[in-house]
1. Do the conditions hold for LYS42, that is, is it open to solvent by 50 Å² or more (accessible area, probe 1.4 Å), among the basic types (Lys, Arg) and at pLDDT below 90?
2. Would you check which residues across the stretch 136-155 are more than 11 Å from TYR111 (Cβ to Cβ) and part of a helix (DSSP H, G or I) and list them?
3. Is there a residue in the stretch 68-80 that is without any contact (Cβ under 8 Å) to a residue 12 or more places away in the chain, small (Gly, Ala, Ser) and open to solvent by 30 Å² or more (accessible area, probe 1.4 Å)?
4. Counting only residues that are open to solvent by 20 Å² or more (accessible area, probe 1.4 Å) and aromatic (Phe, Trp, Tyr), how many does the stretch 21-39 have?
5. Taking the stretch 8-52, which residues are part of a loop (DSSP other than H, G, I, E, B) and touching a residue at least 12 places away in the same chain (Cβ under 8 Å)?
Amino acid sequence: MQSEQKVNHAIETYADMIKRICFYHLKNPADTEDVFQNVFLKYMMHDEPFFDDEHEKAWLIRVAINACKDHLRSFFRRNTVPLEQICEMAAAIPEDHREVLEAVLSLPDRYKDAVYLYYYEGYTASEIGRLLGKKENTVYSLLSRGRGILKEKLGGDGIG
């Protein structure tokens, strides 16, 4: 079990990132808060030592993604209709970024994770591969296909 000081430090350091990851998966502020709390509860109960800060960060990202997927697969979630939509949080997003974010959020999960971690969190393809348990070349394929889907949705002009 982690010490209170270590848990508080992890929350201060990684809270924003974990909330963003949860929100882009769940698209609901209330569910985001629930899963966010569960992620840090799992962190608190984690007994294994972390090798370094990057290992700790990667572990938290992996736990957050898995917790979101578990939440989305839950019986309650599959049999209810969410009251809030992503548009409620849109006020915090600059108008010129809103269309792109909505397009990224609408990608199939296998592309969305890779695109989000690469463009929003700044991870390299090899780091994403380790986080998602995929080969580096698979990550490059996911990024390429995800960009292709985004280009179609956003009406890209072929530049870039």
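The values are calculated or read from the model by the stated rules, or taken from the named source; none is laboratory data. Keep in mind that this is a model prediction, so the values were computed, not measured. Here Cβ is always computed from backbone atoms with ideal geometry, including for glycine, and neighbour counts include all displayed protein chains. What goes into the accessible areas is simple: the full protein's heavy atoms, side chains included, and nothing from ligands, DNA or RNA. Shrake-Rupley method; radii C 1.70, N 1.55, O 1.52, S 1.80 Å.
1. For LYS42, the condition - open to solvent by 50 Å² or more (accessible area, probe 1.4 Å), among the basic types (Lys, Arg) and at pLDDT below 90 - is not met.
2. Filtering the stretch 136-155 down to residues more than 11 Å from TYR111 (Cβ to Cβ) leaves 136-138, 140, 151-155.
The answer is GLU136, ASN137, THR138, TYR140, LYS151, GLU152, LYS153, LEU154.
3. Scanning the stretch 68-80 turns up at least one residue that is without any contact (Cβ under 8 Å) to a residue 12 or more places away in the chain, small (Gly, Ala, Ser) and open to solvent by 30 Å² or more (accessible area, probe 1.4 Å).
4. Pass one, the stretch 21-39, residues open to solvent by 20 Å² or more (accessible area, probe 1.4 Å): 23, 27, 29-31, 33-34, 36-38.
Those still in the list that are aromatic (Phe, Trp, Tyr) too: 23, 36.
Qualifying residue count, the stretch 21-39: 2.
5. LYS27, ASN28, HIS46, ASP47
Conditions (1) more than 17 Å from the chain's Cα centre (by Cα); (2) at pLDDT below 90; (3) surrounded by 12 or more Cβ atoms within 10 Å (Cβ to Cβ), marked per residue:
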{"site": "PRO94", "(1), (2), (3)": "yes, yes, no"}
{"site": "ASP109", "(1), (2), (3)": "no, yes, yes"}
{"site": "LEU132", "(1), (2), (3)": "no, yes, yes"}
{"site": "LEU142", "(1), (2), (3)": "no, no, yes"}
